[in-house]
Amino acid sequence: MKKRAITTQPVSHQQERTARTHRTEQVGVVILGGDFQALGVLRSLARHNVPVYLLDKGLCISRFSRYVRRFAKCPDAGEEDLLLKFLLDLAQTEDLRGWTIYPNDDETVRFLARHKEQLEEYYRITTPSWETVRFACEKKLTYELAEKCGIPTPKTLYPRSVTELEQLEIEFPVIIKPSIKEPFYSKTGKKAIRIDSKRELINEYTRVVQLAGSGEIMVQELIPGGTENLFSVGSLYKNGELLAGVVAWRLRQHPMDFGHATTYAETVEIPELEELASRILEAMNYYGLSEVEFMRDPRDGQYKLIEINPRPWGWHTLALGAGVDLPYLLYRDMLGEEVKQNGTSVRQAKWIRLITDTPTVVTALLKGQLRFADYFNSLKGKKQFAVFSITDPMPFVVELFMLPYLWKRRGF
C-alpha cells in the first residue's frame, strides 16, 4: 500500500476548538477497553510520549503495561447511561478536556457512535457517527451497500422463520451467522456455524433462535479454502482516500474454520483489495481506522467482502511492523496536524499472537491442515508480536496466568 505525505484538517468544529485550546500541552488519549488490541494502541502512543488513560470494566492485560499512566474501572458499554455519565464526569474531574477516545471492541464502537455528539463537548471521538458505523455493525446493511458499490459478497439469504427456511433452495455447505454480533456470539460462543444438510440447517436455526432470538440470522454460502483465502485491508481512511495501511494475509486463526480472532498474519501487496476497501469506505463516508475483510473465492477468483471492523482490530500492530504506525497517525490527524510517512511501500512483516497461535498450530498439524515446513517458514523474518515484548513484559506474563479466565470469557 502506498504511503504519502498529507496535510490534514480537523474533522469537526469541536476538534478545531479543542485543538486551539491544547496546542501548548500534550493532549492525551483515553483507551476504552484493555484487551490485547488496546495494548498495541497503548504502546504505539507511548513511544511518542502521548499520555494514556486506560479504562476497562474489569480485569485486562493492558493495565499491567509499563506505559499506562492512569487506569480506572468503568461501567460496561452495555450500560450506556452509566458509561456516558462516567466519561463526562471523568473529563471534568481529571482535566481530560480535548483528549481523544479510542474504542477497543464492537460494543464500545456502538456506544461512542451513538453518543458522539454529547461526548464531543469534552473529547475528540475517533469513531464516526452511528449513521456511518451502522453499515459496519449490521452485516445486512454492509452487504446491501456493497452490492450498490459493485463489490462482490457471498450469496446470503435472510429467512424470517423455519417455514420460510424449509422452502429455500440451498446448496450445501453453508454457514449461519448473525447480521448483528450480539447476542449470537455470547450465546453460542461462535461467529458462524457450518451446516451440511437441510435437516441440520433447520435444527441449528431453531436452536440458535431459541438461544439468541430470531434477530437477523443469515444463511450464507461457504467459500471453500479456509484461511488460505482470507485477507484484510487495515487502514487509516479519510476523505475518500486510504492515507496509510497494509494488506494482510491472515493464514491462521483460532479456531481455524471460523475463528474468534487471527493468530498469524503477514503483509502482502494486492492493489485490487485496496481499491475495493476504499470503495466501500467512501460509500459509508467513513473516517478513521478500520479493517475490511475479504475471502478470495477459488471458484471464480473474486475477492468477496465478509465484514468491516470500524476500530483497532486484533492484528493491527502488523502495520507497525511494516513501518506504518496507524494509532499514532490517527492521533495526529485528530489534532489537525500533518500526517507524514516516508517511502513509497511498506516493509514485509509478520504478526503472531503466541497465546492462541500455539494451540492453533498444534491442532492444525494433528489434523493435517498445516505442514510443519510451512509453520517453520512462517516464523522466519521480521515479526511483530501481539502481546509479547521484551521492553514491556508484564502484559504477556499476566496473560499466561489469565488463561483460564480468558478461555471461560471468550473461548481463547
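Mind putting a number on the dipole of the chain about its Cα centre? Charges go on the C-beta only, +1 for Lys and Arg and -1 for Asp and Glu, and I need it in Debye to the nearest 20.
Numbers: 56 positive and 53 negative charges, 238 e Å.
The dipole of the chain has a size of about 1140 debye.
Computed about the Cα centre, the dipole magnitude for segment 96-172 is approximately 340 debye when only Lys and Arg (+1) and Asp and Glu (-1) carry charge, each at its Cβ. Distance between the modelled labels on residue 365 and residue 95, one decimal in nanometres: 5.5 nm (7 Å Cα→Cβ projection). When you count the other C-beta atoms within 10 angstrom of each residue and take the mean per peptide, 232-242, 40-50 line up highest first as 232-242, 40-50.
In this structure, the residue pairs whose Cα-Cα separation is over 32 Å, taken from 140/238; 191/367; 73/380; 73/304; 238/367; 155/187, are 73/380; 73/304; 238/367. Full extension of the chain between residue 49 and residue 337 gives 102.1 nm of extra length, using 0.36 nm per residue less the Cα-Cα distance.
I'd like the FRET efficiency for residue 210 and residue 158, computed as 1/(1 + (r/R0)^6) with the beta carbon distance as r and R0 of 25 Å, rounded to 0.05. All intermediate terms of the calculation are to be shown ahead of the outcome.
On the way: r = 19 Å, r/R0 = 0.75.
After rounding to 0.05, the efficiency reads 0.85.
Just subtract the alpha-carbon distance of residue 203 and residue 118 from 0.36 nm times their residue separation and send over the number in nm, one decimal. Don't skip to the answer; put the middle values down first.
Values: separation 85, 0.36 × 85 = 30.60 nm, distance 4.47 nm.
Stretched fully, the residue 203-residue 118 segment lengthens by 26.1 nm.
Here Rg/Rh (Cα atoms, Kirkwood Rh) was calculated from the structure, and among [x] 1.05; [y] 0.95; [z] 1.32 it sits at label [y].
Out of every Cα pair in segment 196-287, what percent are spaced more than 20 Å from each other? Don't skip to the end; give the middle numbers.
Numbers: 2399 of 4186 pairs.
For segment 196-287, the share of Cα pairs beyond 20 Å comes to 57 percent.
Subtracting the Cα-Cα distance of residue 239 and residue 372 from their residue separation scaled by 0.36 nm leaves 43.4 nm.
From the helices alone, meaning DSSP H stretches of at least four residues, give me the mean residue ellipticity at 222 nm for the chain, per-run term -39500 (n - 2.57), in deg cm²/dmol to the nearest 500. Before the final figure, lay out the partial values.
Values: 17 runs with 156 residues, N = 412.
Roughly -11000 deg cm²/dmol at 222 nm, from the helical runs in the chain.
Since every read-out is calculated from the coordinates, none of them should be taken as a lab result. The structure presented is a predicted model; accordingly, all values stated were derived computationally and were not measured. Cβ: placed from backbone, ideal geometry, glycine included. Neighbour counts: every protein chain shown.
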